[in-house]
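The values are calculated or read from the model by the stated rules, or taken from the named source; none is laboratory data. Note that the coordinates shown come from a computational prediction; the quantities given were computed from them, not determined experimentally. Please note: Cβ atoms are built from the backbone with ideal geometry, for glycine as well, and neighbour counts cover all protein chains shown. Please note that ligands, DNA and RNA were not included when accessible areas were found on the heavy atoms of the full protein model with its side chains. Shrake-Rupley method; radii C 1.70, N 1.55, O 1.52, S 1.80 Å.
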Amino acid sequence: MIRFENLEFAYRRAAPPVVRAITAEITPGVTVLLGPNGSGKSTLLRLALGVLCPTAGHALLDGRPAHTWRGLGLKQRIAYLDQRPSVSTPFTVHEVVALAASREHADAAIEQLDLAARAHTRFAELSVGQQQRAMLARVVAQATASDRPLAVLADEPMSALDPAHALLAAEVLRALADAGHVVFTAVHDFTIASRLADRALLLDARGQIARQGRASDVLAPEPLAGVFGVAFRALQDGAGPPALVPDRPVA
């Protein structure tokens, strides 16, 4: 559904590209996007969304340049969760979520994201973490109501969440992928990423792909150390993927 072909983007004509030489296909399942601060993760998601136009190469949605999709056609293909939730009008949580789908789908999504007690609270009165869950509920309502698979783009959807709700959000994204939607999400928590993802795309500080492929191959001490400059230890606890713990700076 999403394909990048030798993609580059710079915010100004004379500036160096923020992302460069990106060639990747985001396939059904969960693909996590990883990289240090300033590596272009948010920019890449916005190129996939079509709000940015490539400087060179292509960002394709259903085989068509993403920036050419508009209105209902875009809504029928993409659900997007921004890193910084923002609603300027005095809407309640339920009203915000119901903008994307019917009342019934909104009710179910609000319940799923543990926000039923806040359904009639104004969005602006919520904590940042609650706002993030409300916007994820909106994505869930939109995806659940859709009669076709969507590309679900999420920019750090767990950045403001406590551990319990971060795990809940990961489970919700996993469930969307299992229902047939394509989930492409930037994540900072490597342990949650390894438990959530089928595939991973790792960007380096120059905005290039350092490694991509199966999550178990990318979310490993060696490739992560090469990008982040920190040695990692893999701690195994049970049958799931190991927890990746920063150990020491790489000499």
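Within region 81-91, being under 21 Å from Ala119 (Cα atoms) and either touching a Phe, Trp or Tyr at 6+ places or on another chain (Cβ under 7 Å) or touching a residue at least 60 places away in the same chain (Cβ under 8 Å) (or both) holds for Leu81, Asp82, Val87, Phe91.
For region 145-171, a tally of residues being crowded, with 21+ Cβ neighbours inside 10 Å and either in a helix (DSSP H, G or I) or free of Cβ contacts under 8 Å to residues at least 12 places away in the same chain (or both) returns 2.
For region 231-246, name all the residues that are closer than 13 Å to Ala193 by Cβ and touching a strand residue (DSSP E or B) at 6+ places or on another chain (Cβ under 7 Å).
Selection gives Phe232, Pro242, Ala243, Leu244.
Looking only at region 30-47, which residues are among the small types (Gly, Ala, Ser) and either without any contact (Cβ under 8 Å) to a residue 24 or more places away in the chain or open to solvent by 10 Å² or more (accessible area, probe 1.4 Å) (or both)?
So the first thing to find is which residues in region 30-47 are among the small types (Gly, Ala, Ser), and the list is 35, 38-40, 42.
Result: Gly38, Ser42.
Apart from one condition, Asp82 fits all of (1) within 16 Å of the chain's Cα centre (by Cα); (2) more than 25 Å from Leu219 (Cβ to Cβ); the exception is (2). The conditions of being at pLDDT 95 or above and more than 16 Å from the chain's Cα centre (by Cα) are not met by Ala66.
Of the strands (runs of 3 or more DSSP E) lying entirely inside region 183-251, the ones with 1 or more residues being in contact with a Phe, Trp or Tyr (Cβ under 8 Å, 6 or more places away or on another chain), surrounded by 13 or more Cβ atoms within 10 Å (Cβ to Cβ) and not β-branched (Val, Ile, Thr) are found at 230-235, 243-249. The single condition among (1) within 18 Å of the chain's Cα centre (by Cα); (2) free of Cβ contacts under 8 Å to residues at least 40 places away in the same chain; (3) open to solvent by 20 Å² or more (accessible area, probe 1.4 Å) that Gly50 does not meet is (3). The set of residues from region 22-57 being farther than 28 Å from Ala170 by Cα and outside any strand (DSSP E or B) comprises Cys53, Pro54, Thr55.
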